[in-house]
Amino acid sequence: MKTYETCRKTFPDFLYKGYTVLDTNEELQVTYHFETPGLSVFEPVWRFPKKDAEPLFPEQNRTLQEMLFSLGMVELISYWKISCPPKVLVSAGPLNQSQIRWWKDLYYLGLGEFFYTNHISAEPDSFMELVSDAPAFTGKDIPCTAEEGCLIPVGGGKDSACTIEMLKKSRHTLKTYIINPRGATLKTVEAAGFSMNDNISAKRTLDARMIALNKEGYLNGHTPFSALVAFSSLITAYLHGLRYIALSNESSANESTVAGSEVNHQYSKSFKFEQDFHSYEKTFIRSGIHYFSMLRPLSEFQIAKYFASIPAYHDVFRSCNAGSKQDIWCGHCPKCLFVFLILSPFLSHDRLVEIFGTDMLNGQSMQDDFEKLIGIQSEKPFECVGSRDEVNTAVCQTIERMEKEGEPLPALLAWYRKQSLFAAFRPNLHAYDRYYNSAHLLPAEFLHILSEECYGGTLPC
């Protein structure tokens, strides 16, 4: 295994040299050109379907150039982290000091898990020197002028299904957005009652050399994938003339994964990133497209309750990273356990066993992950899971429901029933029933829909 310090000494520079655009009748293909001198050249590719065959003339469109360049600024972090060069020279596009601070903040916080799991002591000012020697983009600002239309990124889990169902109540034309389609994402679109004509799929191709270097022992770990979703969905919405991008990130994404730290597996799903992206887009890209999370006011607990009420998705949704390639719930990872637990107050135990294909709450194999989810251990699993308080509330409600219905408690819940946490959380079983986080970016028309769907038309004060 290569070390952080050795890599930085051996490979002091990383270059974002440029990007090449191929504009065909069907798609916009973008190839990014990165290099770590002395190690490798990297050329990842993105392919975006076009709305029609008309040429886009990107070189004459400053707005589109900023979007494509910015997507490369996110993409580069996957290749930078292989050897973590201390200097990044950007020749693909211009960056002023405000932009440099913005990108370094994203990189540092978005790589928090990477630094933590690789035992790297990185400082926010010194982990990277980011400089640009590129001139300003030429061409005109050409913002999106559409007044309606909504793009909904779909990952295959319960959250985007909830957003789709809520936004069916809107006046907007809806299009779903998938990066590298797979079974669960496509089945979610079908379960929503949409055709493939209602879906826009982008293709992202990683450079094979990155994968080879990871196998050779170079540095590897988590990167802020949802930032890729943000910038790539912006390009997609722009190409298809859609006014809004509706994400499905909830309030609990703000909670750190490691208690008492800034290490957050879900940083690029957090409200801080959402605000930062919104500000960056408005200041530097100026597309006229509004990016927000439809579910931001809600807790995971409320989302689970809403999802339980839309059974068309129950047999097709998947959010297990371990089983994603096989399009299955693996049944033995912390993400599977979390989703099982958060749905337990609202769906029967037997139905959940049927959905997941295994009874995760019986036996001892999930005890460690269970303790991490409920907060007995300070480090939550490095997965997209809810807050510790939400999990405890869900567990307590499930115990209350099962005991009331005369069902025997499965092993993990029987163990929990004897712990002090049960006594601590039991008095506040309904703490999340009308939870409302006012820190969000929902436009008024979308907030009205959320209010009708989740609060009976009256938002909590």
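The values are calculated or read from the model by the stated rules, or taken from the named source; none is laboratory data. Just so we're clear, the structure is a prediction, and the values are computed from it rather than from any experiment. Heads up, the Cβs are rebuilt from the backbone with ideal geometry, glycines too, and the neighbour counts pull from every protein chain shown. SASA here: full protein model, heavy atoms, side chains in, ligands and nucleic acids out. Shrake-Rupley method; radii C 1.70, N 1.55, O 1.52, S 1.80 Å.
Computed values, structure above
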| quantity | calculated |
| --- | --- |
| Selection of trypsin sites (Lys or Arg not before Pro), region 361-461, meeting DSSP coil and at most 10 other Cβ within 10 Å | 418 |
| Accessible surface of region 315-461, 1.4 Å probe, proportion on carbon and sulfur as whole % | 49 percent |
| Region 189-305: Cα Rg divided by the 2.2 N^0.38 Å rule of thumb | 1.26 |
| Derived scalar couplings ³J(HN,Hα) [region 21-33; Karplus, 6.51 cos²θ - 1.76 cosθ + 1.60; whole Hz; x for Gly, Pro] | 10, 10, 9, 9, 5, 9, 8, 10, 9, 10, 10, 8, 10 |
| Too-long pairs where the Cα-Cα distance tops 29 Å, listed order kept, from 2/272; 168/282; 87/140; 51/305 | 2/272; 87/140; 51/305 |
| Where Rh is the Kirkwood radius over Cα pairs, Rg/Rh for region 239-345 | 1.02 |
| Qualifying trypsin sites (Lys or Arg not before Pro) for region 130-179 [loop in DSSP, other Cβ within 10 Å: at most 13] | 168, 169, 171 |
| For residue 201, residues with placed amide H under 5 Å, excluding near neighbours | 178 |
| Sorted peptide list for 325-333, 422-430, 297-305, criterion being average Cβ within 10 angstrom, highest first | 297-305, 325-333, 422-430 |
| For region 442-456, Karplus couplings with θ = phi - 60° (6.51, -1.76, 1.60), whole Hz, Gly/Pro x | 5, x, 3, 5, 6, 5, 4, 4, 4, 4, 5, 6, 10, 10, x |
| Area projected by the alpha carbon convex hull of region 1-138, averaged over all directions, nm² | 8.9 nm² |
| From phi via Karplus (6.51, -1.76, 1.60), per-residue ³J(HN,Hα) for region 96-103 in Hz, x at Gly/Pro | 8, 5, 5, 5, 4, 4, 4, 5 |
| Degrees between helix 388-404 axis and first principal axis of the chain (Cα, 0 to 90, nearest 10) | 30 degrees |
| Ellipsoid equivalent to the chain - semi-axes via the Cα gyration tensor, in Å | 38, 27, 19 |
| Rounded to 10°, Cα long-axis angle of helix 62-80 versus longest principal axis of the chain | 70 degrees |
| Per DSSP, loop GluC sites (Glu not before Pro) in region 1-70 with at most 15 further Cβ within 10 Å | 26 |
| Region 176-239 - Rg (one decimal) and Dmax (whole number), Cα, Å | 15.1, 45 |
| Whole-number D in µm² s⁻¹ for region 312-461, Kirkwood Cα-pair radius fed into Stokes-Einstein, 37 °C, 0.692 mPa s | 196 µm²/s |
| Whether region 293-344 is rounded, prolate or oblate, judged on the alpha carbon gyration tensor where a/c under 1.5 counts as rounded | prolate |
| Other-chain or far-sequence residues with amide H under 5 Å of residue 61's (modelled H) | 140 |
| Kirkwood Rh (inverse of mean 1/r, distinct Cα pairs), region 100-176, angstrom | 17.1 Å |
| Mean accessible surface per residue for the chain, computed with a 1.4 Å probe while every protein chain stays in place, in Å² | 40 Å² |
| Rh by Kirkwood over Cα pairs, then Stokes-Einstein D for region 167-208 at 0.692 mPa s and 37 °C, µm²/s | 287 µm²/s |
